[in-house]
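Nothing in this text is a laboratory measurement; each read-out follows from the coordinates by a stated rule. Keep in mind the model is a prediction, meaning the values are calculated, not measured. Every residue, glycine among them, receives a Cβ derived from its backbone with ideal geometry; neighbour counts consider all protein chains shown.
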Amino acid sequence: MTRVKNSPLQMSAQGAPPLSPTPPKPRLSSVMQMVNLSKFELARIIGARSLQLSYGAPPLLEVKPGESATDVSKHELDAGIIPLVVLR
């Protein structure tokens, strides 16, 4: 077997690839801005959060009597505290 010098995939003594010196940068910012979301992304986020709420996830805002899970998820999205991330 031939060994290539300075190969980026060169294995360490334990058999695993060497770790990079710096961690990778995050792809997205931690703050979601609604102006950058399409109507399809908004519908997907509201639907996913509504499903979570209907299965018993705790709401992040105060819920008024008679509000549906969809209403609560819309209010959470408007407040900017919905715990979902959109990857493009």
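Some observations on this one:
- Pairs where the first residue, in region 56-70, is closer than 17 Å to Ile46 by Cβ and the second is β-branched (Val, Ile, Thr) and surrounded by 15 or more Cβ atoms within 10 Å (Cβ to Cβ), C-beta under 9 Å, 6+ apart: Pro59/Val72; Leu60/Val72; Leu60/Ile82; Leu61/Val72; Val63/Val72; Thr70/Ile46
- Taking the listed residues Leu60, Leu53, Leu84, the one that is surrounded by 13 or more Cβ atoms within 10 Å (Cβ to Cβ) and assigned to a helix (DSSP H, G or I) is Leu53, with no other qualifying.
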